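One structure is given here, and the rest of the page talks about it.
The values are calculated or read from the model by the stated rules, or taken from the named source; none is laboratory data. Just so we're clear, the structure is a prediction, and the values are computed from it rather than from any experiment. Counting neighbours? That spans all protein chains shown, and the Cβs are built from the backbone with ideal geometry, glycine included. The accessibility values were calculated without ligands, DNA or RNA, using every heavy atom of the protein model including side chains. Shrake-Rupley method; radii C 1.70, N 1.55, O 1.52, S 1.80 Å.
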Amino acid sequence: MTSYVKDGAEIYRRSFATIRAEADLARFPSDVARVVVRMIHACGMVDLVSDVDFSPHAVRDARAALLAGAPILCDAQMVAAGVTRRRLPADNEVVCALGDPRVPELAAELGTTRSAAALELWGDKLAGAVVAIGNAPTALFHLLDMIAAGAPRPAAVLGVPVGFIGAAESKDALAANDLGVEYLVVRGRRGGSAMTAAALNAIASEDE
Ligand SMILES: C/C1=C2N=C(/C=C3N=C(/C(C)=C4\N[C@@](C)([C@@H]5N=C1[C@](C)(CCC(=O)O)[C@H]5CC(=O)O)[C@@](C)(CC(=O)O)[C@@H]4CCC(=O)O)[C@@](C)(CC(=O)O)[C@@H]\3CCC(=O)O)C(C)(C)[C@@H]/2CCC(=O)O
């Protein structure tokens, strides 16, 4: 019989210990380091540290918003599905509008992807929300356009879309924003729904 670890808590403990031993977290404040550890945990790449960028208050403001009951607005169902509900401090609403039946027509009207068009249905939930973009670069570009055009500012944006077309550029645009939007990004092509949900889960609860 193959011998392997079967205790879930022990697997987590060893994983986080391995990440902290192998990843150079020195440049991160402790609240951001916790988030980065969990993102690495979701993707298995300790060199992710070199691509993480953040504004000074992103994690603090996102956590405060969640504690105050702010909703979590996601670009993809996969991000929304990855949010661990029991970690949420105020039974926060988790929203993804991508499946709304109005979205395909809205996308055609706006001449954009469904992922981007779906943001138009967030309505008044955007003010003070925590936004988690883990898949679609077009959603992140569209969010910045909406805010630049006068939409309310969220508390913070986790901008971690993945891919080859627009992913790096959309995250660079978020990190360079002069709209006062707090952000955490993974520069370059890497990102994805799992990593984004992991970041949100780390911010939601101080438990490892
Ligand atoms: C261009 C798109 C990309 N999708 C990527 C990777 C993954 N996408 C998955 C799935 C199931 C979905 N992707 C959509 C969001 C779909 N993906 C796109 C779009 C065509 C455009 C988005 C953009 O460029 O900004 C987008 C469709 C749209 O009109 O918005 C999805 C809605 C498609 C669909 O099934 O209808 C769907 C999301 C479902 C949900 O969770 O709500 C993958 C699982 C791929 C697969 O099915 O094999 C994968 C997941 C990656 C992740 O971790 O999230 C890319 C690589 C991000 C790519 C964008 C960049 C590129 O260079 O191609």
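State whether one or more residues within region 129-144 are more than 9 Å from the ligand (Cβ to nearest atom), under 20 Å from Val36 (Cβ atoms) and not β-branched (Val, Ile, Thr).
Yes, because at least one residue in region 129-144 is more than 9 Å from the ligand (Cβ to nearest atom), under 20 Å from Val36 (Cβ atoms) and not β-branched (Val, Ile, Thr).
Which residue pairs have Cβ atoms under 9 Å apart, sit 6 or more places apart or on different chains, and have a first residue in region 154-174 that is of a type outside the set (A, V, I, L, M) and a second that is part of a strand (DSSP E or B) and open to solvent by 10 Å² or more (accessible area, probe 1.4 Å)?
Between residues of region 154-174 that are of a type outside the set (A, V, I, L, M) and residues that are part of a strand (DSSP E or B) and open to solvent by 10 Å² or more (accessible area, probe 1.4 Å), the close pairs are Gly159/Tyr183; Lys171/Asp53; Lys171/Tyr183.
Give the residue, chosen from Pro152, Pro161, that is buried (at least 20 other Cβ atoms within 10 Å of the Cβ) and of a type outside the set (Asp, Glu). Give the derivation first.
Details: Pro152 fails: buried (at least 20 other Cβ atoms within 10 Å of the Cβ).
That would be Pro161, the only listed residue that is buried (at least 20 other Cβ atoms within 10 Å of the Cβ) and of a type outside the set (Asp, Glu).
Residues that are under 17 Å from Leu73 (Cα atoms) and polar (S, T, N, Q): find the helices (runs of 4 or more DSSP H) completely inside region 91-208 holding 2 or more of those.
On the way: elements: 103-110, 114-117, 137-148, 167-175, 193-204.
Answer list for region 91-208: 193-204.
Does Ala58 fit the bill of being over 13 Å from the mean Cα position of the chain (by Cα), of a type outside the set (S, T, N, Q) and either more than 14 Å from the ligand (Cβ to nearest atom) or open to solvent by less than 60 Å² (accessible area, probe 1.4 Å) (or both)?
Details: over 13 Å from the mean Cα position of the chain (by Cα): no; of a type outside the set (S, T, N, Q): yes; either more than 14 Å from the ligand (Cβ to nearest atom) or open to solvent by less than 60 Å² (accessible area, probe 1.4 Å) (or both): yes.
Criteria not met by Ala58.
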